[in-house]
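The values are calculated or read from the model by the stated rules, or taken from the named source; none is laboratory data. Remember, it's a predicted structure, so these values are computed and weren't measured experimentally. FYI the Cβ positions are ideal-geometry reconstructions off the backbone, even for glycines, and counts take in every protein chain you see. The area values use the complete protein model at the heavy-atom level, side chains included, leaving out ligands, DNA and RNA. Shrake-Rupley method; radii C 1.70, N 1.55, O 1.52, S 1.80 Å.
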Amino acid sequence: MVQRKTFLMWWIGGLIAFAIVIAMSLPLGITEVPGGIADHQAAGDAATVNAIHAAWTEAGVMEQARYSMIGDLVFIGIYGIGATLGGLYYRAAGTGFLRHLGTVIAIAGAVFLLTDYGETIAQFIQASANAGSDELAGFAATVRPPKMIAFMVSFLGVLLALALEWKQRRGLQSEA
């Protein structure tokens, strides 16, 4: 059985890694690419990716983009594992709604892992070659919406599970 402490360590570690990745990618949005990495993820075709790469190169932040993508790969693993473990924990330890919520969180965590890794690897291949690819850009743009939904479901699901668990524990303590 997954321990609560283990899932929290991974999940909170993932949130910290997310904050670091956001900080790393801030310079990428200061160029003519207002959305930075998000614009690259949503590009959808080689021409748009190449225009983003040109803007980043002109601004001197292309290498920063690659490092941000590597950081994103680290974040995805830490957070995705944490969310999936959190779902498995609540599935095993919870009862009723909390147990079902755990199932949803575990599925969302796994979907997030798969889709965000796929998206970011496709981005990184293009950034490393400094050349857009219609196939890779299209793939990244296609998996982006389910990735974002899976992230939100897992994030809000864990927050809800933590709140319900806290409320249940508090209710048990007041009865004692």
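General remarks:
- Relative to the dominant Cα principal axis of the chain, helix 97-129 is inclined by about 20°.
- Between GLY82, GLY102, GLY60, the residue with the greatest mean-square fluctuation in the GNM of the chain (Cα pairs under 10 Å linked by springs) is GLY60.
- For region 4-163: accessible area per residue (Å², 1.4 Å): 45
- Sorted from longest to shortest, the spans of the Cα atoms of the chain along the three principal axes equal 66, 27, 23 Å.
- Peptides 71-80, 127-136, ordered by how many other C-beta atoms sit within 10 Å of their residues on average, highest first, read 71-80, 127-136.
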